[in-house]
Amino acid sequence: MKNFVGDLNLKKYEDYVNVFDALSHPARIKIIGILAEGRQYVSELARLVNISRPLLYMHLKKLETARLVTSTMELSDSGKAMKYYVLEDFELQVTKELLNQLSETIVIESPGGKQ
């Protein structure tokens, strides 16, 4: 099975770190759950998650960095710019074998720069 997020096939541990980081907060899981039902306008999404728009944008930035969500700007009939977010297709299967494989490529340096 291949793990993917949108058009990105996850291969390196850096790819997974962004996804794991994005999934590490309950508000971001809530956002994903809402977007799984369909695209959503920013103001409505903030209301549904029950957080401020600035805080919502912080969470959406993490999800965008991981490529879990994408956004588009559209003009309403009244000419107002509206930003919509949509959940990308993704599939992740985390196994001990995957984590073992990823761990083999990680090099952790000591604070003094020596290994």
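Just so it is clear, none of the values below were taken in a lab; they were calculated from the coordinates. No experiment lies behind these values; they were computed from the predicted model shown. In this analysis, Cβ positions are derived from the backbone assuming ideal geometry, glycine residues included, and neighbour counts consider all displayed protein chains.
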Over the chain, relative contact order from alpha-carbon pairs under 8 Å, at least 6 apart, % = 33 percent
Candidate lysines for bridging to K83, where Cα separation is under 29 Å - those fewer than 8 sequence places away on the same chain excluded | K30, K61, K62
Please report, in whole Å, how far the alpha carbons of region 9-106 spread along each principal axis, starting with the longest.
-> 55, 24, 21
Rounded FRET efficiency, nearest 0.05, which uses the C-beta distance separating Y13 from V86 and R0 of 35 Å | 0.85
Which loop trypsin sites (Lys or Arg not before Pro) in region 1-73, with loop taken from DSSP, have no more than 16 other Cβ atoms within 10 angstrom of their Cβ?
-> K2, K11, K12, R39
Scoring region 1-65 by relative contact order with C-alpha pairs under 8 Å, at least six apart, yields a percentage of 31 percent
HN-Hα couplings for region 43-56 via Karplus (6.51, -1.76, 1.60; θ = phi - 60°), in whole Hz with x for Gly/Pro, come out as 4, 5, 4, 4, 5, 5, 7, 6, 9, 5, 4, x, 5, 4
Quick one: putting +1 on the C-beta of Lys and Arg, -1 on the C-beta of Asp and Glu, what dipole do you get for region 1-114 around its Cα centre, in Debye to the nearest 20?
-> 360 debye
Return the single residue from L60, L68, L102 with maximal mean-square fluctuation; model: Gaussian network over the chain, springs between Cα atoms under 10 Å.
-> L102
Say each of K30 and E44 gets a label point 7 Å from the Cα, pointing the same way as Cα to Cβ; how far apart are those two points in nm?
-> 1.8 nm
Once phi is turned into θ = phi - 60°, what whole-Hz ³J(HN,Hα) does the Karplus curve with 6.51, -1.76 and 1.60 give for every residue of region 73-87, x standing for Gly and Pro?
-> 9, 9, 9, 6, 4, 7, x, 7, 6, 10, 9, 10, 10, 9, 7
For the Cα atoms of the chain, what angle does the longest principal axis make with the long axis of helix 13-22, in degrees from 0 to 90, nearest 10?
-> 40 degrees
